[in-house]
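Report on the following structure.
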Amino acid sequence: MSLRAAVASKSFCTERGGAEHIIIVQPEEAGDFATEQAAVVEGYRRALKELGLLPESAIFRRIYLSDALAQARKLNGGGLLPRPEEDPVAVSRIEQPPLPGAKVALFAYHVTDPLGLSKRRIGRKQVLVEKNGARHLWSTGLCAGVDSSRPSAEAQTRDVFSELIGVLEENAASLRENCVRTWVYVKDIDVFYSRMVKSRRALFVEQGLTDETHYIASTGIEGACAHPSDLVALDAYSQLDLVPGQLSYLNAFDRMCATHRYGVTFERGASVSYRDRTHYFISGTASIDENGEVLHRGDVESQFDRALGNVGALLDTGSARLEDLMYLIVYLREPKDFPRVRARLGQYMPELPALYVEGPVCRPDWLVEVEGIAIARQDKPHLPQF
């Protein structure tokens, strides 16, 4: 039995000839894992061919799995993981079942530049991309690697962030000044999220990240790696050669309060500006109001509307629009809500690449959360070229 995969993509191209590409691939129907993986691999190859991309243009991939513990080893040799002889690619593997019922799905980010770029692996789980004099660090799959004992979520949070901090410091950078975006995956989020938040807050203070300075754009969502006793896993993106004025933070206080007002420590969004474009990293965004309260309890469609409106407001503060989004990841607490939320996004942005996964949000009353990256053109000759 063979399956076909659905492919969605969006590209940002420049007059210089370089481009950034987002590709999302998912089986069109359910099958066993090997059959679904083969369909995703073939869909990915088809997308690369249609976009005129070489495999070595891959920078980052996230593989979404329905059962990471059972499926992680089955990825080996399946075509989604880079072979040792290939150019390194930052690969994240996370258990967040793709909806409406797939076992595997793929998100991929590719970059091309006529002047070229280089990639090399540093540390255990880090890929350093050098492009136009700037170093971009992609850190994926940071976890405690626990298979038997069960240390606390607090200790694991400190461990994964400490690993990231160590690699940054080895490269003359820091968490405070250079980390742009994190994804924190928490197993059994209704139980362990508050413990992760407590540990992260304490570590941030040690790193000079406070209410008076700034935090980091982030998504904190339910997810799991392939180690049965790991409670916390981390992916991160850092830009190691930022110049003054490049990095700023997005807030829309008429719609959403600062996160520290209700005890958490992340930025609603971050933007990194370059000579010809700005990257907007939108954190996990839900149906929240200006006082930090949940809106539209029990109504997933109204919650989605509010979340997407909040994203639009954040982008507007940075001189971008919803139309500049390159993709959207939609996290749903209840898989049954998938058809309604997909239809809702289709009303607003039918051409936008989107991936829906089962990922409970950090408050039980939140039924849906969204995140994405937008890219908008600009002309700032004093800033570095991307």
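Residue count for segment 1-25 satisfying the condition of being among the aliphatic types (A, V, I, L, M) and part of a loop (DSSP other than H, G, I, E, B): 2.
The strands (runs of 3 or more DSSP E) found entirely in segment 26-145 that carry 2 or more residues being in contact with a strand residue (DSSP E or B) (Cβ under 9 Å, 6 or more places away or on another chain) and under 30 Å from Pro339 (Cβ atoms) are 58-65, 90-95, 104-112.
So that you can scan it fast, the table gives a plain yes or no per residue for (1) farther than 24 Å from Ala307 by Cβ; (2) buried (at least 20 other Cβ atoms within 10 Å of the Cβ); (3) of a type outside the set (S, T, N, Q); (4) touching a helix residue (DSSP H, G or I) at 6+ places or on another chain (Cβ under 7 Å):
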position: Gly208; (1), (2), (3), (4): yes, no, yes, yes
position: Ala217; (1), (2), (3), (4): no, yes, yes, no
position: Glu222; (1), (2), (3), (4): no, yes, yes, yes
position: Met256; (1), (2), (3), (4): no, yes, yes, yes
position: Phe266; (1), (2), (3), (4): no, yes, yes, yes
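Among residues of segment 48-69 that are more than 16 Å from Gln26 (Cβ to Cβ) and outside the structural domain of Pro360 (by TED's automatic domain parsing), none has a Cβ under 6 angstrom from a residue that is in a helix (DSSP H, G or I) and small (Gly, Ala, Ser) at a sequence gap of 6+ or on a separate chain.
Within segment 160-181, the presence of a residue that is assigned to a strand (DSSP E or B), under 18 Å from the mean Cα position of the chain (by Cα) and of a type in the set (S, T, N, Q) is excluded.
Taken over segment 346-383, the criterion of being closer than 30 Å to Arg135 by Cβ and surrounded by fewer than 17 Cβ atoms within 10 Å (Cβ to Cβ) is satisfied by Arg377, Gln378, Asp379, Lys380, Pro381, His382. Taking the numbered list (1) of a type outside the set (Asp, Glu); (2) touching a helix residue (DSSP H, G or I) at 6+ places or on another chain (Cβ under 9 Å); (3) more than 21 Å from Ile375 (Cα to Cα); (4) in the same structural domain as Leu175 (by TED's automatic domain parsing) in turn, Leu137 passes all entries but (3).
Each residue in segment 12-30 was checked for being surrounded by 15 or more Cβ atoms within 10 Å (Cβ to Cβ), at pLDDT 95 or above and either in contact with an Asp or Glu (Cβ under 7 Å, 6 or more places away or on another chain) or not polar (S, T, N, Q) (or both), and 9 pass. Residue pairs whose Cβ atoms lie under 6 Å apart, separated by 6 or more positions or on different chains, with the first residue in segment 341-363 and outside the structural domain of Glu95 (by TED's automatic domain parsing) and assigned to a strand (DSSP E or B) and the second of a type in the set (A, V, I, L, M) and at pLDDT below 95, do not occur.
Taken together, Asp305, Asp289, Asp299, Asp276 contain a single residue that is under 24 Å from Thr210 (Cα atoms) and not hydrophobic (A, V, I, L, M, F, W, C), which is Asp289. Flag: His227 matches the condition of being within 23 Å of Ser92 (Cβ to Cβ), modelled with pLDDT under 95 and in contact with a strand residue (DSSP E or B) (Cβ under 9 Å, 6 or more places away or on another chain).
Residues in segment 1-11 that are more than 23 Å from Pro350 (Cα to Cα) and crowded, with 19+ Cβ neighbours inside 10 Å: Leu3 alone.
What strands (runs of 3 or more DSSP E) lie completely within segment 231-299 and have 3 or more residues being of a type outside the set (Ser, Thr, Tyr) and in the same structural domain as Tyr193 (by TED's automatic domain parsing)? Filter on segment 231-299 gives 232-239.
The values are calculated or read from the model by the stated rules, or taken from the named source; none is laboratory data. This one's a predicted model, so the numbers in the text were calculated from it and none came from an experiment. No Cβ is skipped: glycine too gets one built from the backbone with ideal geometry, and neighbour counts run over all protein chains shown.
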